[in-house]
Amino acid sequence: MNLKRVALLFASSAIGFASAPSFAQVAGAQPLGVSVEVSTAIIDGWSVKKSILNKPVVNDDGARVGVIHDIIVAPDHSVSFAIIAANQFLGMSHHDVAVPIEQLDFRNGKLVLPGATKDAIKALPEFQYSKVKATPVARAQFEHH
């Protein structure tokens, strides 16, 4: 190695020690964050917050039938249900219902629930948050992990 490379290596390692704690890598350990491949998948995805939450839901005719208030993630980490607020008035929800996420469609920039009407949404059983866990469960508690 030439002297410039040694000096550069020493300087860069000294900066690393001074700026952040050093942690040894462990073989087989999962790295924190995501890989380049996964980050590409994220970029190709979309944001629930920006695209779905608090957005109106319309039927096939374009009539507003509710507003998406929440997305329920199943224990297997799949997105399973959309919580739609029916009878929303001045931002206050009076009747939340759960709709399987696969029933929703995205057409012409709008969330569409085919075949829905305000009366059909109101007739669905009311969704109650008190029956849903507020915090996620540890991965170790599932057989598949």
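The values are calculated or read from the model by the stated rules, or taken from the named source; none is laboratory data. As the structure is a computational prediction, the values presented were derived from the model and not from experiment. Cβ placement follows ideal geometry from the backbone for every residue including glycine, while neighbour counts extend to all protein chains displayed.
Looking only at the stretch 35-91, residues that are closer than 11 Å to Leu113 by Cα and assigned to a loop (DSSP other than H, G, I, E, B) come to 5 in all.
Candidates in the stretch 80-97 are the residues that are modelled with pLDDT of 80 or more, small (Gly, Ala, Ser) and out of contact with any Ser or Thr (no Cβ under 9 Å at 6 or more places or on another chain); of these, the one that is surrounded by the most Cβ atoms within 10 Å (Cβ to Cβ) is Ala82. Among the residues making up the stretch 101-118, a single one is in a strand (DSSP E or B) and at pLDDT 95 or above: Val112.
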